[in-house]
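In what follows, a single structure is set out as structure tokens and then discussed.
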Amino acid sequence: MEYLKGDAECKRADEISQERFSIPSLSLMEEAALLSFMKLKDMLKKDTSVLFLAGGGNNGADALALARICRINGYNNICIYTPDYSRRSRENEIQLECCRALSIPFADDIVPSDILIDGLLGVGIRGTLRERESEIIDKVNGKDFYVVSVDLPSGLCDSCFNNAVIADETYTFGCRKRCMYALGNRKYCGKISVLNPSFPQEVLNEIPSRNISLHDASGYCRLTLESDDYKVTRGRVAVIGGSAEYVGAVRLSAKAALKAGSGMVTVFTDANIISLVSLDCGASVMVRPFEDFFSMHDSFDAVLLGPGLGRGEMQRRLVERIASLPLRTLVLDADAIRLLGGKCSADQFILTPHVGEFRSLSGKDGYQSPDEFYDTLIETGHRLDASIILKADAVYLCEGERIRIVDGQNPYLGTAGSGDVLSGITASIAALGREDIINAVLLHQLSGSEAHEKLGCYTSDELIGIMGAIR
């Protein structure tokens with residue numbers, strides 16, 4: 001687990017390193033450039049052409065220092081493009097003079113190269129880009145480079161969603177930045193590597209940050225059961241959904257809940273499709289009509305409502321009626337999210353929207369900045385008194401003031417029914433009541449990665465099978 005820092009917090013770490021520990025700015029810059037070179041040289045041959053794009057600030061100075069180190073180490077097929085600036089940082093001027101003294105060629109524009117080092121803009125930008133920077137970014141994105149951004153892709157920041165460089169790799173300094181993981185921004189960063197240019201660890205630890213953290217597979221905890229556990233103590237799950245038009249979703253959620261460890265799973269569905277759902281789910285899952293749920297509701301540890309439900313008036317009344325019941329846990333997914341009329345009465349309330357469904361929940365079509373996106377996620381959770389698992393290019397679990405992000409970067413999970421699998425896992429883990437809900441997201445991501453490694457492209461049914469083995 002790693003806490004993400006904002007632009008101002010990263011700048012403050014730089015300042016404290018200089019003020020309290022007397023580490024000169026140029027020393028930090030040299031270390032950042034050297035660490036970047038050690039990673040970059042693995043992909044360099046002596047004839048590899050490299051264009052260094054350098055802005056006028058310290059991010060540009062990082063790129064210039066990296067160009068100098070490449071030249072000194074015998075990589076001569078390099079050149080620098082730096083736009084004319086009326087003002088440059090002191091460090092930038094020093095690095096620029098070094099590059100000129102080494103006779104590194106300068107280009108007048110973005111020129112074709114094998115690799116482009118993006119050092120145009122760093123964490124210091126505020127608000128929308130100037131026209132010149134935006135045009136340069138468009139040129140970079142319009143050419144066939146392998147792009148490496150230093151610190152972060154130019155254009156990304158906390159205060160605005162901007163046009164940004166699309167990097168294949170990002171060498172970020174000191175810590176990961178929040179803006180990299182805000183909705184829609186992850187795609188700009190490519191593979192992210194954290195390089196520490198001699199920031200003392202105590203500085204990074206003491207800088208205050210928002211309660212937004214990054215989590216990966218190393219945090220997943222496999223299911224452990226007590227020797228006297230049986231079907232009731234392993235959690236009883238009700239899955240409510242399905243319709244004549246959408247038969248598959250409810251059975252995927254039910255099968256996922258079983259494979260995730262639930263001892264008992266019951267599906268409540270449209271009376272007209274009971275035989276179809278029963279046949280597909282197998283003998284381990286009981287299948288009943290919707291109305292039977294209301295005489296049994298207090299026997300379930302978690303209720304999942306929504307997969308394949310549809311959005312008619314009957315479904316709306318069903319959602320409202322179930323949301324008013326004093327349930328232990330209610331997980332709302334798919335169509336039920338859009339039908340929700342207000343708060344629910346369950347002790348624990350979890351929503352699992354995709355981006356479109358979250359727009360419906362939040363009432364916002366877009367966000368002006370990464371900070372606004374994170375704020376909206378928290379505000380929506382507070383308003384509904386719910387935990388939210390937002391499924392997007394990363395997965396966001398928001399509980400109160402805390403946001404935990406799982407950076408799966410597995411597009412193969414974007415297959416039909418994958419979200420139904422996640423909601424089934426979530427209901428299962430909530431029903432057991434012994435694990436952190438983040439485990440549901442991590443299990444889903446781990447299963448997707450394993451399925452891709454073993455099968456390439458896969459179906460959600462195959463995903464469930466692999467998930468059961470990991471669980």
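Descriptive notes on the structure:
- Label separation (Ala392 vs Glu450): 2.9 nm, computed from points 7 Å beyond Cα along the C-beta direction.
- The modelled label-to-label distance for the pair Ser284/Lys364, using points 7 Å beyond Cα in the direction of Cβ, is 4.1 nm.
- Carbon and sulfur %, accessible surface of the chain computed with the full protein complex present, 1.4 Å: 48 percent
- Theoretical FRET efficiency, 1/(1+(r/R0)^6), r = Cβ-Cβ of Ala217 and Arg100, R0 41 Å, to 0.05: 0.30
- The chain, accessible area per residue, ligands and nucleic acids excluded (1.4 Å, Å²): 41 Å²
- Angle in degrees between helix 418-432 and the longest Cα principal axis of the chain, rounded to the nearest 10: 70 degrees
- Each label was represented as a point 7 Å from its Cα along the Cα-to-Cβ direction; for Asn163 and Met296 these points are 5.8 nm apart.
- Near Phe161, the amide H atoms lying under 5 Å from its own belong to Ser369; only residues 5 or more places off or on other chains count, and H is placed 1.01 Å from N.
- Karplus-derived 3J(HN,Hα), 6.51/-1.76/1.60, for each residue of the range 264-277, Hz, glycine and proline x: 9, 10, 10, 9, 10, 8, 4, 4, 6, 10, 4, 5, 5, 5
- Arg321-Asp385 FRET efficiency (beta carbon distance; Förster radius 25 Å; 0.05 resolution): 0.85
- Degrees separating the helix 131-141 axis from the principal Cα axis of the chain, which is the longest one: 70 degrees
- Extension gain (nm, one decimal) between Gln201 and Lys343, 0.36 nm per residue minus Cα-Cα: 46.8 nm
- Degrees between helix 248-259 axis and first principal axis of the chain (Cα, 0 to 90, nearest 10): 90 degrees
- Computed lengthening from Leu26 to Ala8, 0.36 nm per intervening residue step minus Cα-Cα distance: 4.5 nm
- Karplus-derived HN-Hα couplings along the range 18-23 (A = 6.51, B = -1.76, C = 1.60, θ = phi - 60°), whole Hz, x at Gly and Pro: 6, 6, 7, 9, 6, 8
- When the pairs Lys187/Lys255; Lys39/Lys143; Lys45/Lys139; Lys143/Lys454; Lys45/Lys454 are compared against a 29 Å limit on Cα-Cα distance, Lys187/Lys255; Lys143/Lys454; Lys45/Lys454 fall above it.
- The slack between Arg130 and Glu15, meaning 0.36 nm per residue of separation minus the straight C-alpha distance, is 38.8 nm.
- In this structure, Asp436 and Ser86 have a Cβ-Cβ separation that, at R0 = 30 Å, corresponds to a calculated FRET efficiency of about 0.05.
- Charge context of Asp47, other residues only, Cβ under 15 angstrom, K/R +1, D/E -1: +3
The values are calculated or read from the model by the stated rules, or taken from the named source; none is laboratory data. This structure is a prediction, so every number in the text was calculated from the model and none was measured. Don't worry about glycine lacking a Cβ; one is built from the backbone with ideal geometry, like all the others, and counts go over all protein chains shown. To get the accessible areas, we keep the full protein, side chains included, count just its heavy atoms, and leave off ligands, DNA and RNA. Shrake-Rupley method; radii C 1.70, N 1.55, O 1.52, S 1.80 Å.
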